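Data block below; observations after.
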Amino acid sequence: MAVLLLPSEKIERNAIMSKNDKFKENHEQEGFENVEINEQEIAEENVTDALSELQNEFEREKDRYLRLFAEFENYKKRTSRERIEMFKTAGEDVMVSMLPILDDFERALKEIEKIEDDNHFKGVELINNKLRETLKTKGLQLMVVKPGDTFDADSHEAITQIPAPNAKLKGKIIDVVEKGYTLGDKIIRYPKVVIGQ
């Protein structure tokens, strides 16, 4: 059975339905807006998280780069020092093989001096000085050690001990048997000395 409505009731009913529909629509729109707001907040959080992750990755890569750069700088400094040291001591083998020749020159000079032949002495002395100066320019230095100096195990080689002629020479160098030489900062031959007991 159909209900018949008067025209005034129809208008009232339509008004009520419109209010209900508007209310539903508003709630639906608010829900939709809430969904949009929630999606926007989630998107902002995702962007923030991604940005934070990128910043962390950037910091890690920056730290890694700085470490590699520091290692490379240390490597350059170390190889530079090694190269300089190598150039200083590059001729070490040659210098060590020349030391007996220098010793022979000294012995020859002492023997020629006994003969009292000035011409021979001056000639050999000239060659000896020239050889020494040439080796000196290449970094060879004579270690200055004299009798009476204090014995140092780090820079002298004791070949024997003899009774000291006096109390002042106990533990000191009495005689230098073989001269010592350095090449740069490195000792290539220790002076051989006799020390007093």
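Summary of computed values
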| item | result |
| --- | --- |
| Matching option when the condition is among the aliphatic types (A, V, I, L, M), more than 24 Å from residue 140 (Cβ to Cβ), surrounded by 10 or more Cβ atoms within 10 Å (Cβ to Cβ) and modelled with pLDDT under 75, among 47, 35 | 35 |
| In segment 154-182, residue modelled with the highest pLDDT [restricted to those that are out of contact with any Lys or Arg (no Cβ under 6 Å at 6 or more places or on another chain), assigned to a loop (DSSP other than H, G, I, E, B) and within 10 Å of residue 195 (Cβ to Cβ)] | 156 |
| Cβ pairs under 9 Å, 6+ apart, first in segment 148-172 and farther than 17 Å from residue 182 by Cβ, second aromatic (Phe, Trp, Tyr) and in a loop (DSSP other than H, G, I, E, B) | 158/151; 171/151; 172/151 |
| Scope segment 75-123; condition in contact with a helix residue (DSSP H, G or I) (Cβ under 7 Å, 6 or more places away or on another chain) and not aliphatic (A, V, I, L, M); matching residues | 105, 113, 120, 121 |
| Given (1) in contact with a Phe, Trp or Tyr (Cβ under 6 Å, 6 or more places away or on another chain); (2) surrounded by fewer than 15 Cβ atoms within 10 Å (Cβ to Cβ), number of the condition residue 168 does not satisfy | (1) |
| Number of positions in segment 171-197 that are crowded, with 17+ Cβ neighbours inside 10 Å and more than 21 Å from residue 135 (Cβ to Cβ) | 5 |
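The values are calculated or read from the model by the stated rules, or taken from the named source; none is laboratory data. Given the structure is predicted, the values throughout are model-derived calculations rather than measurements. All Cβ positions, even for glycine, are placed from backbone atoms using ideal geometry, and neighbour counts span all protein chains on display.
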